[in-house]
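What follows is calculated from the coordinates using simple rules that are stated; it is not laboratory data. Bear in mind that the values here come from a model prediction, so they are computed numbers and not experimental data. Every residue, glycine among them, receives a Cβ derived from its backbone with ideal geometry; neighbour counts consider all protein chains shown.
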Amino acid sequence: MEGFGIRFVGVNTENGQKLLLTLALILVVWILRMSLRRILRSVRIVRGDPNTEFWTRQGINIGTTVLLLLGLLSIWFDDPTRLATALGLVTAGLAFALQKVVTAIAGYFVILRGNTFNVGDRITMGGVRGDVIGLGFIQTTIMEMGQPPAVQSADPAMWVKSRQFTGRIVTVSNDKIFDEPVYNYTRDFAYLWEEISIPINYATDRERVEAILLAAAGRHTGRFGQASQQAMDAMMARYFMQPTAVEPKVFYRLTDNWLELTVRFLTEDRGVRDVKDAMSREILTEFDIAGIELASATYDIVGLPPIRVVRAEPSDS
């Protein structure tokens, strides 16, 4: 093909037709994908089930991508010999130049096949804790949440001192699943064990304190008892696990200054801060009624060194 007296290398009538067919194929596949997504958003059954919506969306993405690849191969490589040669060159180039991208795409299929997590799950991946709001071929999108005080020093630093959203959207490469563990808070067991620790003096009525802690935990987490037990039974049937109690329990710990009582309870993975806030308010109210005081670090001064005051005499001069 020539233009303005210049002969374009590798461009002829056949390649021009293939290029036009390629552009048309890309447009058709794009329209098909957008149409299927629009239909997906309009189907009431799918909209009511986030899990079904997630898998349907992933099926649309994978199906249209495979259709596009097959169409491109059919247009440009009608000769099997040329196809094998081209695939070999492309594979070698990708393996060298796009290692991270290839690994990320492999991670995407591992995530889907291994049920590592779904959109809507609460996870920790690549050092980011939050809810999965998007999953692509290369990256996972996470709505970041804060961290409890025990891990406030994590990098990057958090200003929200609990597991609540910070407002930042974080993208994490899918290849992280091959390098670091992925913590899933919701996939198989959508409950968390939480604790509230109370220091009291050794002379305090500890049985009364224990009763207050158990009563508060029972009132605010008792509604999760039956459902959490069923979820635990399902976990034990699927994995090799020892039976674990889901009822609230108080543990004692001796220290040099006070007796520490810790109430351990099971609650849903979301709304933990609200539950602990309500329990803390009720516990403080019950302590005030019962006249129970919290212990604090104190120091007893057992003696003072002798103090000598010397008065200087005025001079005669």
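What base-10 log of the normalised intensity I(q)/I(0) is obtained for the range 191-290 from the Debye formula, alpha carbons as equal point scatterers, at q = 0.16, 0.21, 0.23, 0.25 Å⁻¹? So the normalised log intensities are -0.72, -1.06, -1.18, -1.31. Taking label positions 7 Å along the Cα-Cβ direction at both residue 138 and residue 110, the computed distance is 1.9 nm, reported to one decimal.
Remark: the residue 38-residue 296 segment gains 86.8 nm on full extension, using 0.36 nm per residue and subtracting the alpha carbon distance. Spin-label model, residue 101/residue 244: points 7 Å from Cα along the beta carbon direction are separated by 4.2 nm. Using 0.36 nm per residue and subtracting the Cα-Cα separation, the extra length available between residue 67 and residue 288 on full extension is 72.6 nm.
Within a Cβ distance under 10 Å of residue 292, other residues only, what is the Lys/Arg minus Asp/Glu net charge? Provide the component values of the computation, followed by the final result.
On the way: positive: 206, 208; negative: 205, 286, 288, 293.
Summing Lys/Arg as +1 and Asp/Glu as -1 gives -2.
Residues in the range 189-206, backbone N under 15 Å from the label point at residue 257 (7 Å along the Cα-to-beta-carbon vector): list them, ranges by number please. Output list for this probe position: 198-202. If you take all other residues with their beta carbon under 15 Å from the beta carbon of residue 249, and give Lys and Arg +1 and Asp and Glu -1, the sum is -3.
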